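First the structure, in the form of structure tokens, and then the observations on it.
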Amino acid sequence: MNTPPDPIHFNKTVWNIVRQIPSGTVSTYGQIASMIPPPSEVDETDYVRLGAVWVGKAMNAVSSDGSSDVPWQRVINSQGGISLPEGSRAALEQRQRLESEGIQFERNGRINLNAYGWDGPNGDWLRENQLLTPRPIKKPGSDNPEQLKLF
């Protein structure tokens, strides 16, 4: 199954979630997929495997849809990297947009998800939109630069 059963509805759901990502933070394809309940026609195991790919396709469709209000640059892969072909115009634009929001790239070209990862929308918004609690993308017990150390 290369596309969700109802790609138009799925894409609109993805874009609605992505519009919630604040400037200066990023989400991953998998985190966004984790908020969307599996379509009834799709086995849950298959959805876990395919959801992030479908989110990637939804993000790729942003430009063809003309949805310029979708901050597509804030969605990256689970390793903290840009998934567009390295050196491409689109990859350079994504990096520039993220840097203009204050996101810093590490020497390896990746973004530190513990520093810039999004925790997801609030529970009320999720319930209103019939979505699930997102999978965390920050590592537990990680060093958060904004958190004071006690020891």
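No lab work stands behind these numbers, since they all come straight from the coordinates. Note that the structure is predicted; figures quoted are calculated from it, not measured. So basically every Cβ, Gly included, is an ideal-geometry build from the backbone, and we count neighbours across all protein chains shown.
Rg/Rh for region 7-128 stands at 0.95; both radii use Cα atoms, and Rh follows the Kirkwood definition.
Per-residue Karplus couplings for region 10-25, computed as 6.51 cos²θ - 1.76 cosθ + 1.60 with θ equal to phi - 60°, are listed in order as 4, 4, 5, 5, 4, 5, 4, 5, 4, 5, 7, 5, x, 4, x, 10 Hz, Gly and Pro entered as x.
Run the reach check for K12 against aspartates and glutamates, Cα to Cα strictly under 14 Å, same-chain hits fewer than 8 apart removed. What comes back? Within reach: D65, D69. Taking 12 Å as the straight-line reach from the Cα of K139, the aspartates and glutamates in range (excluding those fewer than 8 positions away in the same chain) are D119. Amide H contacts for S83 (H built 1.01 Å from N in the peptide plane; partners 5 or more residues away or on another chain; cut-off under 5 Å): N77.
At a Förster radius of 25 Å, what calculated FRET efficiency corresponds to the Cβ-Cβ distance of T133 and D6, to the nearest 0.05?
On the way: r = 23 Å, r/R0 = 0.91.
Computed FRET efficiency for T133 and D6: 0.65.
Ordering N114, A91, I8 by the projection of their Cα atoms onto the charge dipole of region 7-128, which places +1 on the Cβ of Lys and Arg and -1 on the Cβ of Asp and Glu, puts A91 at the extreme positive end.
When shorter helices are ignored and each DSSP H run of at least 4 residues is given -39500 (n - 2.57), the per-residue value for the chain at 222 nm works out to -12500 deg cm²/dmol. Rounded to the nearest Hz, the phi-derived 3J(HN,Hα) couplings of region 105-113 under the Karplus curve 6.51 cos²θ - 1.76 cosθ + 1.60 (θ = phi - 60°) are 9, 7, 4, 7, x, 10, 9, 6, 5, where x marks glycine and proline.
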